[in-house]
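Undergrad: Below is one structure. I have some questions about it.
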Amino acid sequence: MVTPRKARPTLRFVDEYCELYADLFPEVRSFEAFKYLHIGMISDLKRKSLPAIAKAVGLGHEQGLHNLLTESPWSVSRLRQRRLKLLLELTQKQPMILLIDETGDCKKGDRTDYVKRQYIGNVGKRENGIVVVTAYGLFKGMILPLCFDVYKPRERLKPGEGYQTKPQIAATMMRELIAMGFQFDLVLADSLYGESECNFISTLVSLKLPYIVAIRSNHGVWLPQDQEVTAEPWQKFTRTFSNGETEVRYRREIIYGTRRSVRYWELTTDPKTLPDNSTVFVMSNAPAIKLDEIGDAYGERTWVEYGLKQSKDALGWADFRVTNYKQIERWWEIVMSAFTMVSLFADAFNRECPLSQQVFKQHPWWDNQRGWKNLLNNLRLVIEPWIAFNHLKPCFIPTLEQGFTRLIERMQQFYCPVIHDLLLRRILFNSA
């Protein structure tokens, strides 16, 4: 019996992270392609097309990467389950904030599954495109990708498929995450979900999840004939952003008859003009959220917009060139995995910075800030020589090769402590 060859090494932190999923890929070439896509997605390539990624990682063509998305026998659901279990292990099942939102991408024609003319949030109007509902977690100031599911318009359903609204999709995802062991001390969502009483809100209530959701300005509440809607006077509050900056904003409580367990607020930057783009009505049942905290608490919802923006702009969420949804889903799940890999470098998971990172920190371009994009910038700084070497391999000269070899040897020292620790535990205890 021929022993299968080992996967070719790439960069230490990528190899160690991807090794946590190695047994999910029955073919070594598929596993190699899985690693190469992670490198390509976190690289500084403007477009994460398969030919561009293949060139960056030193492949002669993109066929192996394409095969990973189309023919290779691996399971998206198993990869997602493994990734979510990894996050549960790292967070020790501590509560986090759950962020629900949807995102869309414009697509021409109707060959791509579930594409239809519909509202695309990031362009602010109806266009031909595909829409997906997403769930992100916010844990100790770091954004974590959890899961997603495509919205299937009635007109594009395939035989045997049932129709679900976006709030119903979100409710299903929440139930699945709770069943896995995730705990959420707050759920944030926009008015599409806040106005869905029978699907989304009822699920939050049944799961006993505290929430702050946006609602329409004409939101209605049943009241007895002798009760009225009143608005409390405007009060100033200081909105504190994740980077420490502050801004004066205003809030007032809207009381429907008498105060109840569910309370209503109006938040704005200017109580005189109530600008559309900075005024929001919210509904909350979160008893732990104090009056002074309501603005900051709902403001955390912008993290999901940040996460979606980074997935699209930095990792190539919309750069897939396939039309079958099973293949698109594979691309999106690998984007989520690459996003997770970057998130694991956060201080929340690494108490000590390894010596190899201290060496790289001497570089004048090293980014010392703590956000997700700052982590990505540093990883790009680390992998750039490796990518440059792949571009120059066909025409290198011996002295240049020696210089790159020494540099890459130093790069191979760069690792993520928490990933390294997880890999060692998997090897020692053979735990899946």
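Undergrad: Test each condition in (1) modelled with pLDDT under 65; (2) of a type in the set (A, V, I, L, M); (3) part of a loop (DSSP other than H, G, I, E, B) for Ala346 and report the one that comes out false.
TA: Unmet condition: (1).
Undergrad: Something else now. Within segment 179-199, can one find any residue that is open to solvent by less than 10 Å² (accessible area, probe 1.4 Å), at pLDDT 95 or above and either part of a helix (DSSP H, G or I) or of a type in the set (S, T, N, Q) (or both)?
TA: no
Undergrad: Could you identify the single residue in Leu37, Leu24 that is open to solvent by 10 Å² or more (accessible area, probe 1.4 Å), at negative phi and at pLDDT 95 or above?
TA: Leu24
Undergrad: Now, a different point. Of the residues in segment 288-312, how many are in a loop (DSSP other than H, G, I, E, B), of a type outside the set (A, V, I, L, M, F, W, C) and either at pLDDT below 80 or over 17 Å from Ile143 (Cα atoms) (or both)?
TA: 1
Undergrad: Just checking, does segment 180-193 include any residue being touching a residue at least 60 places away in the same chain (Cβ under 8 Å), over 17 Å from Met336 (Cβ atoms) and among the β-branched types (Val, Ile, Thr)?
TA: yes
Undergrad: Then there's this: Among the residues of segment 143-163, is any part of a helix (DSSP H, G or I), under 19 Å from the mean Cα position of the chain (by Cα) and over 30 Å from Trp265 (Cα atoms)?
TA: no
Undergrad: Being assigned to a loop (DSSP other than H, G, I, E, B) and of a type in the set (Asp, Glu) is the filter; apply it to segment 200-251 and report the residue that is nearest to the chain's Cα centre (by Cα).
TA: In this case the residue turns out to be Glu245.
For every residue, the table says whether it meets (1) in a helix (DSSP H, G or I); (2) in contact with a Lys or Arg (Cβ under 8 Å, 6 or more places away or on another chain); (3) closer than 20 Å to Trp317 by Cα; (4) hydrophobic (A, V, I, L, M, F, W, C).
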residue	(1), (2), (3), (4)
Arg5	no, no, no, no
Arg8	no, no, no, no
Phe13	yes, no, no, yes
Phe34	yes, no, yes, yes
His38	yes, no, yes, no
Arg47	no, no, yes, no
Pro51	yes, no, yes, no
Leu59	no, no, no, yes
Leu65	yes, no, yes, yes
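Undergrad: Can you confirm whether Ile254 is of a type outside the set (Gly, Ala, Ser), at negative phi and part of a strand (DSSP E or B)?
TA: Spelling it out, Ile254 is indeed of a type outside the set (Gly, Ala, Ser), at negative phi and part of a strand (DSSP E or B).
Undergrad: Go through segment 305-353 and give me each residue that's open to solvent by 10 Å² or more (accessible area, probe 1.4 Å) and of a type in the set (D, E, K, R).
TA: Glu305, Lys309, Lys312, Asp313, Asp319, Arg321, Lys326, Glu329, Arg330, Asp347, Arg351, Glu352
Undergrad: Here is a further query. What is the number of the single condition among (1) open to solvent by less than 70 Å² (accessible area, probe 1.4 Å); (2) at pLDDT 95 or above that Gly58 does not meet?
TA: Going through (1) open to solvent by less than 70 Å² (accessible area, probe 1.4 Å); (2) at pLDDT 95 or above one by one, Gly58 breaks only (2).
Undergrad: Kindly indicate whether Asn122 is among the polar types (S, T, N, Q), in contact with an Asp or Glu (Cβ under 9 Å, 6 or more places away or on another chain) and outside any strand (DSSP E or B).
TA: yes
Undergrad: Does Phe360 satisfy the condition of being of a type outside the set (A, V, I, L, M), at pLDDT 80 or above and open to solvent by 10 Å² or more (accessible area, probe 1.4 Å)?
TA: When the stated conditions are applied, Phe360 does not pass them.
Undergrad: While we're here: Could you check, for segment 256-268, whether at least one of its residues is modelled with pLDDT under 85, open to solvent by 30 Å² or more (accessible area, probe 1.4 Å) and among the polar types (S, T, N, Q)?
TA: So far as segment 256-268 goes, yes, one or more of its residues are modelled with pLDDT under 85, open to solvent by 30 Å² or more (accessible area, probe 1.4 Å) and among the polar types (S, T, N, Q).
Undergrad: Could you give every pair whose Cβ atoms fall below 7 Å, whose first residue belongs to segment 246-258 and is over 14 Å from Glu228 (Cβ atoms) and among the hydrophobic types (A, V, I, L, M, F, W, C), and whose second residue is open to solvent by 50 Å² or more (accessible area, probe 1.4 Å) and in a strand (DSSP E or B), counting only separations of at least 6 or pairs across chains?
TA: Correct list of pairs: Val248/Lys236; Val248/Thr238.
Undergrad: Please work out which residue is modelled with the lowest pLDDT, limiting yourself to segment 200-253 and to residues that are surrounded by fewer than 16 Cβ atoms within 10 Å (Cβ to Cβ) and among the basic types (Lys, Arg).
TA: That would be Arg216.
Undergrad: Something else: Looking only at residues in segment 85-99 that are of a type outside the set (A, V, I, L, M) and within 18 Å of Met341 (Cα to Cα), which one is surrounded by the most Cβ atoms within 10 Å (Cβ to Cβ)?
TA: Thr91
The values are calculated or read from the model by the stated rules, or taken from the named source; none is laboratory data. Not measured: the values here are computed from a predicted model. As a convention, Cβ positions derive from the backbone with ideal geometry for all residues, glycine included, and neighbour counts pool all protein chains shown. Protein only, heavy atoms only, side chains kept; ligands, DNA and RNA dropped before computing areas. Shrake-Rupley method; radii C 1.70, N 1.55, O 1.52, S 1.80 Å.
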